[in-house]
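Accompanying notes for the structure given below.
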Amino acid sequence: MALNLVLSPVVSPVAYRGRCEKQELSGLLFLQPCRARLSSSVRQVQMTTSDWKRSMRSLFFSTVKFYQPFIALQAISLSAAMAARAEAGGRNSDAVLDDGGAGLTSFVWSDPKRPRICILGGGFGGLYTALRLESLIWPPDKKPQIVLVDQSDRFVFKPLLYELVSKEADEWEVAPSFKELLANTNIRFCQDTVRSIQPSDAVNGTPALATASRDVGGSVYLSSGMQVDYDWLVLSLGSEPRMNVVPGASELALPFSTLEDALEVDRRLTTLENEASVYAPIEVVVVGSGYSGVELSATLAERLGQKGTVKVIDMASDIVASAPAGTREAASRVLSSRNVELMLGYFVANMRRADESSNRIRLELGQPSQRPSRRAPPGQTIEADLVLWTAGTKVSIPPSETQAGYQSFPINGRGQADTDEMLRVRGYPRIFALGDSAGATDGNGKQLPSTAQVAFQQADYVGWNLWAAINNRPLLPFRYQHLGEMMTLGTNDGSVSLSFIEGVTLDGFLGHQARKLAYLYRLPTNEHRARVGLSWLAKTTVSTVSYLQETISNSLIEAADAILK
């Protein structure tokens, strides 16, 4: 209202002046009243504006004076909070360790008396062990301090990476940050890579000297120059794709193991889809026909549809050879329906660019003479726009540093740390290993596969055995219980085989939903599980409504066509 009153004198004289000018009167005597009235209005506006500024200035200083006590109180509270945070940061921050000029930085634990547990690797084994330790009930003086070390700032739920390619899941659902997952815990996170380990608890061998006055289990040296002294160590560094066995594979093929791999595959596919045409369809080759290779092939074939083709290359005579028959049959049926070409009985001998001006990749295939196959003629060459590698992995075990130099932990033929039945590294009673890093066996002495299911169960045992060791209780031998197998085969296809119901396999839409529910239950924290569950429920609701609308619309169209005929 006030703004309209201030502006009204300006509008009236201008409009009046316009009306006077339109009459085209030549006498100056008639225009003088218009000019005088316009000048008076301008002065009135200037005075009104000046008064308005003075009023606003007075109101501002009055407001500041009124709220001054509250501002001072807020400043005092903020200063106290910052001081408390600085004090806490001082307790939890890293301090420089004088190590004879070595320039090392020592990780400072908050309490020098309570046990210190260092967990290397934030995958299924490492993160779930940390959360298991956090959930146990401890005596106040023995509750451990835990630090989790990983080279990435995110935990990756690897079985759901395929959902990123199919657009079923969002990045935050599959790969939440460690900061988010550990927000309500006492677990500290350190983003770094492991350079070496200096254990002080070797039983059969020469142990390294302790680095502090107290009896320590050893020290971990990180690539950043950080030294972490520990009482107990957990090895769970996982594995990485083994691509250096084929010339050109490391440079030209893409692995599918990490979040970055999945995002890069999605980016490459999007580029190829934008450039694809009817006359030049996209050609994708997947090397490996194990679980990962089959799941990826089915997902890619569904996404590409008529825009491209997918080929699977493997030396094996059948896909997912270790899977139950029901799972293998369901996978074969889906791959066949999507025209995925299985080139079994081959191995990739070499990779190179098809030509200098093209991004296409040429693969030279061979066939082992000791494994003749009627499906595959002896040797051929194929080309592809994209090659994805899922065949073979290598375990990441850091070297052990002693006074005699660097040496490896006892390892098995697959490069995994050799462990006893308590999941302790043999010869090192204060070091536990699990997941891909551990060469564990089942009750019959058979080597366990490197799967998420094994790591889940091992994390419970390692967490309990650490509690037992710190509280002088007997440790439990690890006993693996196989629960079944699960696979994703696209947005509405999946396969679930339960070990306790022999011969029963849930496939299709039912298998797909059962798999998603199982993995939803296995997400690391209740908070993340609730957020993802609500997100999936909303997406399922929207897709179901869209499906029903499309179905009803098609039914009405068909009915109308029938009536017209």
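The values are calculated or read from the model by the stated rules, or taken from the named source; none is laboratory data. The structure displayed is predicted, hence computed values, not measured ones. Cβ atoms come from the backbone with ideal geometry, glycine included; neighbour counts cover every protein chain shown. Note: accessible area is taken over every heavy atom of the protein model, side chains too, but ligands, DNA and RNA are not part of it. Shrake-Rupley method; radii C 1.70, N 1.55, O 1.52, S 1.80 Å.
The Ala559 and Glu383 beta-carbon pair, evaluated with R₀ = 56 Å, returns a calculated FRET efficiency of approximately 0.70. About the centre of its Cα atoms, the stretch 243-391 shows a dipole size close to 500 debye [charges on the beta carbon of Lys, Arg (+1) and Asp, Glu (-1) only; nearest 20 debye]. Taking amide H atoms as placed 1.01 Å from N in the peptide plane, the amide H of Gly345 lies under 5 Å from those of Asp314, Met315, Ala316, each 5 or more residues away in sequence or on another chain. For Lys167, a cut-off of 13 angstrom between C-alpha atoms picks up these aspartates and glutamates, skipping any fewer than 8 places away in its own chain: Asp266, Glu302. Measuring between alpha carbons in the structure, the pairs from Lys179/Lys307; Lys143/Lys539; Lys311/Lys446; Lys113/Lys394; Lys179/Lys311; Lys394/Lys446 lying more than 30 angstrom apart are Lys179/Lys307; Lys143/Lys539; Lys311/Lys446; Lys113/Lys394; Lys179/Lys311. In the context of the full set of protein chains, residues of the stretch 243-391 present 49 Å² of accessible surface per residue (probe radius 1.4 Å, heavy atoms only).
What chymotrypsin sites (Phe, Trp or Tyr not before Pro) in the stretch 234-331 are in a loop by DSSP, with at most 16 other Cβ atoms within 10 Å of the Cβ? Here the chymotrypsin sites (Phe, Trp or Tyr not before Pro) that fit, given the DSSP loop and packing criteria, are Tyr279. In loop segments of the stretch 117-174 as defined by DSSP, the trypsin sites (Lys or Arg not before Pro) with at most 16 further C-beta atoms inside 10 Å of their C-beta are Lys142, Lys167.
Across the stretch 381-394, rounded Karplus estimates of 3J(HN,Hα) from the backbone phi angles (6.51 cos²θ - 1.76 cosθ + 1.60, θ = phi - 60°) give 10, 10, 10, 8, 7, 8, 10, 10, 10, 10, 9, x, 9, 10 Hz, Gly and Pro being marked x. Taking a ≥ b ≥ c as the square roots of the eigenvalues of the alpha carbon gyration tensor, the stretch 489-565 is oblate, as a/c is not under 1.5 and a/b does not beat b/c. Simple spin-label estimate for Thr441 and Ser177 gives 4.5 nm between the two label positions (7 Å along the Cα-to-Cβ direction from each Cα).
Computed from the Cβ-Cβ distance with R0 of 45 Å, the FRET efficiency linking Ser223 to Leu548 stands at 0.25. Short-range pairs are left out: with C-alpha atoms under 8 Å and at least six residues apart, the relative contact order of the stretch 243-391 is 29 percent. Restricting the stretch 458-538 to trypsin sites (Lys or Arg not before Pro) that sit in a DSSP loop and have at most 16 other Cβ atoms within 10 Å of their own Cβ leaves Arg479, Arg522.
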